[in-house]
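The values are calculated or read from the model by the stated rules, or taken from the named source; none is laboratory data. What you see is a predicted model; the values in this text were computed from it and never measured. No Cβ is skipped: glycine too gets one built from the backbone with ideal geometry, and neighbour counts run over all protein chains shown. Quick note on the areas: whole protein, heavy atoms, side chains included, nothing else; ligands and nucleic acids left out. Shrake-Rupley method; radii C 1.70, N 1.55, O 1.52, S 1.80 Å.
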Amino acid sequence: MHKTPLKELFRFSRKEQAGIILLLLLVWLTHRAPDLWFYLYPVTLPDTTGCAAALRSLDAAAAEAQRAPADDSVAAAVVPRALFYFDPNTLPAEDWQRLGVSPRTAATIDRYRQKGGRFRTAADLARIYGLAPTLCRQLQPYVRITRAVACRDSTRQAERRDTAYHYREYHRKPPPRAIDVNAADTAEWQSLPGIGPGFARRIVAFREKLGGFYDISQVGECYGLPDSTFKKIQPFLQIGNRSLKKIDLNLTDEKSLAAHPYIRYKLARLIVQYRSAHGGFRRVEELRQLPLVDDVIYRKIEHYIVITF
C-alpha cells in the first residue's frame, strides 16, 4: 500500500490557504468581540460604597432594636411596678403607670373615659388597645368597680329596655276592625294586618280611579298587593251604601275614558270611534260589539258606565 508523504498532507492550494486564513480571522474576531463591544459602548458601574454603608447602618439599627425592649408596655407586662386594688373608672393616668401600663396606653384609657366609656367588669380590661395580655391577666384580680357605677349602668340598661318596650307598645297596631272599602281613609286601611302606608295609599288611589268598589274582591286587584295579604284583610272588609262614580259613554272624552283602570287607552279609542261612526251609544249592551270587550271586561265595566242621549 502506497503511503502519502507527510509533506503532502500540509500542502494546500491557494483557495484552501485563503479559506484557512479567513477561518482563523473569524475565530479571532469572535474571541475579541465582547472586549470590542465594551470598548465602543462603555457601561458605568454603580458606586457600591454608599450601599455598603447603608447596609452596615441598617444592621447596626437592627442589632440595637434587638437589645432594647420593643415597647414599654410589653416590658411592664412581664413585671408590674406595683399591684394594688383599683377602680378602672376612676384611676388616674399616673397610677395606671404604677401598675406597669405604658404612658401611651394610660392616655388611651383616659381618653376612653372622657368620651363616656365605662368599665363594668374586670374582663373589660382586655378591650384596652395596647395593653399586653399578660399584664391584663395580672391586673384583673385587683379590679374593684364601685357599686354605684354598676348600679347606675344597670339602671340605664333597665331604662333603655323599658323605653324600647313602651315604644313597641305605643306603636303596636290596634286590633283590626271592619272597615267600609269605599269610605275608609289611609289610616283605617293601615289598621289592617299587613297594610302599611304604601299599600294604604295605593288602595285608596286605585279606588278613586275606579270610582269606588262594587265588590270586595276588587281590593285584591290593587297593584302589588300580595294575595296572602288580601286573604288576611278580607274578613275585615265590607261595602257600604255609597254609590259608585260613573262615566258617560257619549259625553266623556278619550283621555278621561283611558284613565279608568278597566278601560285604558285602546278600548277608549274604540269607544270614541264607535260613537263617532254610529252617532253615540243607545244601550250599554252595545259595548259587546267592540273587539276588545269580552264577557269578563263587560261585567267589570257595566257598573261604571251610564248613557245620556
### Task
Check S243 against each of (1) open to solvent by less than 50 Å² (accessible area, probe 1.4 Å); (2) in contact (Cβ under 8 Å) with a residue 24 or more places away in the chain; (3) more than 16 Å from F206 (Cβ to Cβ) and name the one condition it does not meet.
(1)
### Task
Filter segment 79-124 for residues that are in contact (Cβ under 8 Å) with a residue 40 or more places away in the chain and closer than 18 Å to I145 by Cα and give the result.
L83, F84, Y85, F86, D87, P88, N89, T90, L99
#### Entry: Hits in segment 221-230 - residues which are surrounded by fewer than 17 Cβ atoms within 10 Å (Cβ to Cβ) and on the phi < 0 side of the Ramachandran plot
E221, Y223, P226, D227, S228
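Do the conditions hold for I233, that is, is it within 30 Å of P193 (Cβ to Cβ), surrounded by 16 or more Cβ atoms within 10 Å (Cβ to Cβ) and either touching a His at 6+ places or on another chain (Cβ under 6 Å) or not polar (S, T, N, Q) (or both)? If you could, list the steps in order and put the result at the bottom.
On the way: within 30 Å of P193 (Cβ to Cβ): yes; surrounded by 16 or more Cβ atoms within 10 Å (Cβ to Cβ): yes; either touching a His at 6+ places or on another chain (Cβ under 6 Å) or not polar (S, T, N, Q) (or both): yes.
When the stated conditions are applied, I233 passes them.
Which members of segment 254-274 meet the condition of being hydroxyl-bearing (S, T, Y) and either open to solvent by 30 Å² or more (accessible area, probe 1.4 Å) or in contact with a Cys (Cβ under 8 Å, 6 or more places away or on another chain) (or both)?
Within segment 254-274, the first condition is being hydroxyl-bearing (S, T, Y), and the residues that meet it are 256, 262, 265, 274.
Passing the criteria: S256, Y265.
Would you pick out the residues in segment 96-124 that are in a helix (DSSP H, G or I), out of contact with any strand residue (DSSP E or B) (no Cβ under 7 Å at 6 or more places or on another chain) and under 13 Å from F86 (Cα atoms)? Can you show your working first?
Taking segment 96-124 and keeping what is in a helix (DSSP H, G or I), we get 96-98, 103-114, 122-124.
With the extra rule that they be out of contact with any strand residue (DSSP E or B) (no Cβ under 7 Å at 6 or more places or on another chain), the set shrinks to 96-98, 103-114, 123-124.
W96, Q97, R98 - these are the residues of segment 96-124 that are in a helix (DSSP H, G or I), out of contact with any strand residue (DSSP E or B) (no Cβ under 7 Å at 6 or more places or on another chain) and under 13 Å from F86 (Cα atoms).
Among the residues of segment 262-289, which ones are assigned to a loop (DSSP other than H, G, I, E, B) and closer than 24 Å to Q218 by Cα? Talk me through it step by step, then tell me what you get.
Filtering segment 262-289 down to residues assigned to a loop (DSSP other than H, G, I, E, B) leaves 262-263, 279-283.
Scanning segment 262-289 gives Y262, I263.
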### Query
Mind checking which residues of segment 125-139 are exposed (fewer than 14 other Cβ atoms within 10 Å of the Cβ) and assigned to a loop (DSSP other than H, G, I, E, B)?
Y129
### Query
Do the conditions hold for L251, that is, is it out of contact with any Gly (no Cβ under 8 Å at 6 or more places or on another chain) and crowded, with 17+ Cβ neighbours inside 10 Å?
no
### Task
Return the pairs, sorted by first residue and then second, in which the second residue is assigned to a helix (DSSP H, G or I) and open to solvent by 40 Å² or more (accessible area, probe 1.4 Å), the first residue lies in segment 265-285 and is more than 17 Å from E302 (Cβ to Cβ) and aliphatic (A, V, I, L, M), the beta carbons are less than 9 Å apart, and the residues are 6+ apart or on different chains.
V272/E254
## Note on the structure
Residue hits (segment 240-261; in a loop (DSSP other than H, G, I, E, B) and more than 14 Å from V306 (Cβ to Cβ)) are G240, N241, R242, D253, A259, P261
